[in-house]
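J.: Here you go, one structure.
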Amino acid sequence: MIELNRGARERELEARTERFIREVVIPFERDPRIDHHGPTDELRRELQARAREAGLLAPQVDEAWGGYGLTHRETATVLRACGYSMLGPVAMNCMAPDEGNMHLFQKVMTPSQKTRWLRPLAAGEIRSAFMMTEPDDGAGSDPSMMTTTARRDGDAWVIRGRKWLITGADGAGVAIIMARTEGGATMFLADMDTPGIVIERTLGTIDRSMPGGHGVVRLDDVRVPADQVLGEVDQGFRYAQIRLAPARLTHCMRWWGAARRAHDIATDYACRRKAFGKALIDHEGVGFMLADNEIDLKQAQLTIDWCAWVLDQGEQGTHESSIAKVAVSEALYRIADRCVQILGGMGVTEDTPVQQIFRDIRAFRIYDGPSEVHRWSIAKRLKKAWQPPSR
């Protein structure tokens, strides 16, 4: 049975996060250090210093790394609250890809690797990147198409290939590099200043909430010592599943908060703005859109909590996270779209954050697997489990 009651720690962290976002983070939303790709590292460090003072830096990680060791359910509550500002997850060091990488590092890294990379990552001293997606005919929604290769050379591995849409590559301190090896795929850890790692360019994208943007990275015979393999050789695809299911869900949590913000702005506007002799909310065309937002927000929240509960039972949650990713990303997109419509001309300006929330949530429908791929995966599992009805 799914437990919906929230403990005292969870409620206290939620309230503290809400105050921090409203009082500290939101005033930074018009800071000139937010460029076309996202907040600069200078701004990130300043915001994270504020979160550290508030005891809210990387709350999701284990206590050994400075967090609270939250369950997935507790994480959902805190990340929804921090997502109320697009800068919130950056400030609290629970933004992608770092949050997902920290989760994987806690599960798979050796003690020495944790000291070298997890500790500074959780402390906000460095950022990280996850290099799996490839351009052209390489790995995308189908990881088996991976063309980046790694070959053993003495006590090291030599990696060659090209990656793209690598979030946060510009300015990252460490990267997880996925490459094909003889028996499958392997994850490697590499400092970003390792010779042969070349950032060709940072892509222009419709979203701008992630430090460093999304880069195109060339791997020119990158030499990685054998002790920088993450986990076991040839087990990269298995580790990717450990990371991806919770990471899909934390995307849902963060952007739920952003959609809530857009909805609050639209509701306030509809209650204050008058047209044709009455407030906009009293016109059914607007009032019903806001009502639909409330319905979508609640259904999305319950879907997130259900999937988080599954993960907290120790399940892999692949099927459940696919369901959540599709249902939540599409619900949040509907909300953001309605909010733009309700605000009218203002909705397409930068006078409110709604237009940027709309743009970021549109990208979310593709990131971590587009809806169509998740639907295909869900249908494939249905077929596998299907049995003819007894007669």
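J.: Please report the net charge: other residues with Cβ closer than 12 Å to the Cβ of Arg30, K and R +1, D and E -1.
T.: Numbers: positive: Arg33; negative: Glu29, Asp31, Glu350, Asp351.
Its environment carries a net charge of -3.
J.: Which residue, Tyr367, Gly236, Thr17, has the largest displacement toward the positive end of the dipole of the chain when charges sit on each Cβ (Lys, Arg +1; Asp, Glu -1)?
T.: Ranked along the dipole, the leading option is Tyr367.
J.: Residues with amide H under 5 Å of Arg162's amide H, sequence separation 5 or more or different chain, H placed in the peptide plane at 1.01 Å from N; which?
T.: Thr148, Leu219
J.: Which whole-number percent gives the relative contact order of region 115-260, counting Cα pairs below 8 Å spaced six or more residues apart? List each step's numbers first, then the result.
T.: Details: 287 pairs, mean separation 34.1, N = 146.
Averaging sequence separation for qualifying contacts and normalising by length gives 23 percent for region 115-260.
J.: Something else now. Given an 8 Å cut-off on Cα distances and at least 6 residues of separation, report the relative contact order of the chain as a percent. Mind dumping the intermediate values first?
T.: Details: 691 pairs, mean separation 59.7, N = 391.
Reported as a whole number, the value is 15 percent.
J.: Let me ask something additional. Taking θ = phi - 60°, what integer Hz values does the Karplus form 6.51 cos²θ - 1.76 cosθ + 1.60 yield along region 277-285, in sequence order, with x for Gly and Pro?
T.: Running phi through 6.51 cos²θ - 1.76 cosθ + 1.60 with θ = phi - 60° gives x, 7, 4, 4, 5, 7, 7, 4, x Hz.
J.: Taking H placed 1.01 Å from N in the peptide plane, check which residues at least 5 places from Thr167 or on another chain put their amide H under 5 Å from its amide H.
T.: Here Phe130, Gly215 satisfy the definition.
J.: Putting +1 on Lys and Arg Cβ atoms and -1 on Asp and Glu Cβ atoms, find which of Gln387, Phe358, Gln313 reaches farthest to the positive end of the dipole of region 256-391.
T.: The residue sitting most towards the positive pole is Gln387.
J.: Moving to a separate point now. Run down the aspartates and glutamates and flag those whose C-alpha is under 20 Å from the C-alpha of Lys298, throwing out any fewer than 8 positions away in its chain.
T.: Partners found: Glu3, Glu10, Glu14, Glu18, Glu74, Asp264, Asp268, Glu320, Glu330, Asp337.
J.: While we're here: Might you report the magnitude of the Cβ-based charge dipole of region 45-105 about its Cα centre, with Lys and Arg at +1 and Asp and Glu at -1, to the nearest 20 debye?
T.: Values: 5 positive and 7 negative charges, 34 e Å.
The dipole of region 45-105 has a size of about 160 debye.
J.: Next question, about the same structure. With springs only between Cα atoms under 10 Å, which of Arg52, Arg19, Arg30 fluctuates most in a Gaussian network model of the chain?
T.: Arg30
J.: Asp337 versus Glu53, label points 7 Å from Cα toward the beta carbon: distance in nm?
T.: That separation, rounded to one decimal, is 4.2 nm.
J.: Quick one: net charge of Arg152's neighbours, Cβ under 15 Å, K/R +1, D/E -1?
T.: Working: positive: Arg151, Arg160, Arg180, Arg223; negative: Asp153, Asp155, Glu182, Asp221, Asp227, Glu232, Asp234.
Net charge in that neighbourhood comes out at -3.
J.: With charges set only on the Cβ (+1 for Lys and Arg, -1 for Asp and Glu), what does the dipole of the chain come to about its Cα centre, in debye to the nearest 20?
T.: Values: 52 positive and 54 negative charges, 147 e Å.
Approximately 700 debye in magnitude.
J.: Highest mean first, how do 270-276, 101-107, 255-261, 328-334 rank when packing is the count of other Cβ atoms within 10 Å averaged over residues? Each step should come with its number before you reach the end.
T.: Details: 270-276: 12.6, 101-107: 21.0, 255-261: 25.7, 328-334: 23.1.
Ranking the peptides 270-276, 101-107, 255-261, 328-334 by packing returns 255-261, 328-334, 101-107, 270-276.
Taken together, the values in this text are just the output of simple stated rules run on the coordinates, not laboratory data. Predicted, not measured: the structure shown is a model, and the values here were computed from it. Ideal geometry is used to build each Cβ from the backbone, glycine not excepted, and the neighbour counts take in all protein chains shown.
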